[in-house]
Amino acid sequence: MARQAGSALCVMVLLAGFRAHGEASDPEALAVVKQAVTAEINASRTDTTPWAYRDHDVQPGHDAVYQVIETPKGDLRRLLELNGRPLGGEAARKEQDRLQTFANSPEEQARSRKMAEGDSAQAHEFLGMLPNAFVWVVTGESPQGVTLRFHPNPDFHPPDVQSRVLGVMAGEMTVSRESHRIRSLRGTLTDDVKFGFGLFGKIDKGGTFNVERRELAPGKWQITETHVHIGGHALLFKTIGQQEDEVKTDWHVSTAPDLQAALQQILR
């Protein structure tokens with residue numbers, strides 16, 4: 001009996017492996033995803049519109065409201081409120097000094113550009129992996145857009161440590177039918193992500209993320225909401241997860257040609 005049970009288990013495992021290996025995205029869904037990836041990458045290279053907006057960013061122990069002004073030469077980000085209270089007194093003076101120092105420091109601006117370029121490169125890498133990292137299926141269609149469900153593709157092999165989290169994501173993405181731009185991306189981590197068999201770190205199963213985007217002007221899309229709630233710990237119990245809710249409002253096209261002009265506007 002034990003041998004029969006063991007044999008049955010082996011057959012089940014083999015069948016499960018066969019089904020997983022043979023699983024593929026629906027062709028229609030995959031075409032939508034590829035078109036969206038192409039549209040997003042092309043837009044990131046051609047759309048250089050600078051924006052001004054209000055940014056409400058909530059993290060553990062830090063509830064902040066900022067005014068952001070983008071320019072072709074860089075961005076300024078002024079702290080307006082902290083933990084529900086307007087910045088005033090010495091704190092407001094220090095924030096003004098910080099902005100003036102940044103606007104007059106080529107070194108700090110270069111560091112900021114380097115960080116932005118790194119973020120952009122990671123975003124491009126993530127977008128490029130979307131078609132292959134997941135199994136996609138269309139679950140809804142409307143005149144405005146297409147809704148797709150996704151879950152991990154067992155044949156996907158993450159190229160680096162950062163992309164390993166893609167192997168345990170499942171969720172939903174909506175794509176604009178007219179422009180092929182991504183309207184929203186929501187997901188959940190379906191399993192733990194362990195580094196060094198968990199000895200060096202672990203990102204916890206059950207974490208969620210939600211990114212919402214909006215067309216602010218014809219062909220001009222921006223992220224307007226980001227909600228990330230992912231737990232995890234690294235060696236010596238250092239937190240490596242992220243808990244953040246960010247909402248951006250009051251959008252309008254920035255008229256500042258450079259940081260000095262942005263500084264004058266943001267300190268009014």
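Each value in this text was obtained by applying a stated rule to the coordinates, not by laboratory testing. This one's a predicted model, so the numbers in the text were calculated from it and none came from an experiment. Positions of Cβ are backbone-derived with ideal geometry, glycine not excepted, and every protein chain shown enters the neighbour counts.
Which angle between 0 and 90 degrees, to the nearest 10, do you get for helix 27-46 versus the longest principal axis of the chain when only C-alpha atoms count?
20 degrees
Given the convex hull over the Cα atoms of the chain, what projected area results after averaging over all orientations, in nm²? Don't skip to the answer; put the middle values down first.
Numbers: hull surface 75.3 nm².
That works out to 18.8 nm².
Provide the gained length on full extension for the span Thr101 to Val253, in nm with one decimal, where the gain is 0.36 nm per separating residue minus the Cα-Cα distance. Please list the in-between numbers first.
On the way: separation 152, 0.36 × 152 = 54.72 nm, distance 2.46 nm.
Full extension from Thr101 to Val253 adds 52.3 nm.
Identify, among Pro50, Gln242, Tyr66, the residue whose Cα sits farthest towards the positive end of the charge dipole of the chain, taking +1 on the Cβ of Lys and Arg and -1 on the Cβ of Asp and Glu, with the dipole about the Cα centre.
Going by the charge dipole, the pick is Gln242.
With the crude spin-label approximation of a point 7 Å out along Cα→Cβ, what separation in nm comes out for Asp155 versus Glu244?
Once both label points are built, they end up 3.5 nm from each other.
In the structure shown, do any of Lys220/Lys248; Lys73/Lys220; Lys205/Lys248; Lys114/Lys205 have a Cα-Cα gap over 24 Å, and if so which? Display every interim value, and only then the final one.
Numbers: Lys220/Lys248 15 Å; Lys73/Lys220 20 Å; Lys205/Lys248 28 Å; Lys114/Lys205 32 Å.
Among Lys220/Lys248; Lys73/Lys220; Lys205/Lys248; Lys114/Lys205, the Cα-Cα distance tops 24 Å for Lys205/Lys248; Lys114/Lys205.
Hey, in the GNM for the chain with a 10 angstrom Cα cutoff, which one of Ser112, Ser25, Ser184 fluctuates hardest?
Most flexible of the set in this elastic network: Ser112.
Once amide H atoms are placed 1.01 Å from N in the peptide plane, what residues at a sequence separation of 5 or more from Ser25, or on another chain, have their amide H within under 5 Å of its amide H?
Under 5 Å from the amide H of Ser25 lie the amide H atoms of Trp136, each far enough along the sequence or on another chain.
Taking the Cα centre of the range 23-266 as origin, sum charge times position over the Cβ atoms of Lys and Arg (+1) and Asp and Glu (-1), and report the length of that vector in debye to the nearest 20.
So the dipole magnitude of the range 23-266 works out to roughly 280 debye.
Which order do Lys73, Lys202 fall in if you start with the one that has the fewest other Cβ atoms within 10 Å? Show your work: numbers first, answer last.
Details: Lys73 16, Lys202 19.
By the 10 Å Cβ count, ascending: Lys73, Lys202.
Set Lys and Arg Cβ to +1 and Asp and Glu Cβ to -1, take the dipole of the range 23-266 about its Cα centre, and tell me which of Ala92, Thr147, Ile203 lies farthest positive.
So the residue furthest toward the plus end is Ala92.
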